[in-house]
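Chemist: Quick one: the structure is below, and I'll ask about it shortly.
Rule-based calculations on the coordinates, nothing more; no lab input. If you're wondering where the values come from, they're calculated on a predicted model, not measured in any experiment. Cβ placement follows ideal geometry from the backbone for every residue including glycine, while neighbour counts extend to all protein chains displayed.
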Amino acid sequence: MEKQELSEKLAGFLRRALANKDAEIKPDVDFKDLGLNSSGRLEFFTMIEDEWDLMFDEDDQDEVNTLNEAVELVMKMMDE
């Protein structure tokens, strides 16, 4: 999957987790600044895990705070 395509897909997941389909998602803006709370983070990562049959450990999730970081992590995990 191309990086741009993955980024767009994850931005869609992020909008769903924020319950705001019109949210402007900038790649380097911290999730907290977007208004994503802990339950939203869990929902976001669960959508990713379900979509690509991945399994994140808590440390991976804790290190991801922006869309770009999420894209990099998913790309890394899909390559393994």
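Chemist: Limiting things to C-alpha atoms, what are the Rg and the maximum Cα-Cα separation (Dmax) for segment 20-64, in angstroms?
Modeler: In Å, with Rg to one decimal and Dmax whole: 11.2, 30.
Chemist: Right, something else. Cross-link partners among lysines for Lys32, C-alpha distance below 18 Å, same-chain residues fewer than 8 apart left out?
Modeler: Those lysines meeting the cut-off are Lys21.
Chemist: Give the dimensionless ratio obtained when the Cα radius of gyration of the chain is divided by 2.2 N^0.38 Å.
Modeler: That ratio works out to 0.98.
Chemist: Mind checking which aspartates and glutamates have their Cα closer than 13 Å to the Cα of Lys26? Skip sequence neighbours fewer than 8 apart in that chain.
Modeler: Glu8, Glu69
Chemist: Same structure again: What are the trypsin sites (Lys or Arg not before Pro) within the chain that DSSP puts in a loop, where the Cβ has at most 10 other Cβ atoms within 10 Å?
Modeler: Hits after loop and neighbour filter: Lys21.
Chemist: Run the simple label-point estimate for Asp28 and Asp53 please: 7 Å along Cα→C-beta, distance reported in nm.
Modeler: If labels sit at Asp28 and Asp53, their model points lie 3.6 nm apart.
Chemist: Using the Cβ atoms and a cut-off under 14 Å, what net charge is assigned to the surroundings of Asp28, where Lys and Arg are +1 and Asp and Glu are -1?
Modeler: Computed value for this residue: -3.
Chemist: Could you work out how far helix 38-52 tilts from the main Cα principal axis of the chain, as a 0 to 90 degree angle to the nearest 10?
Modeler: On a 0 to 90 degree scale, this one is about 40.
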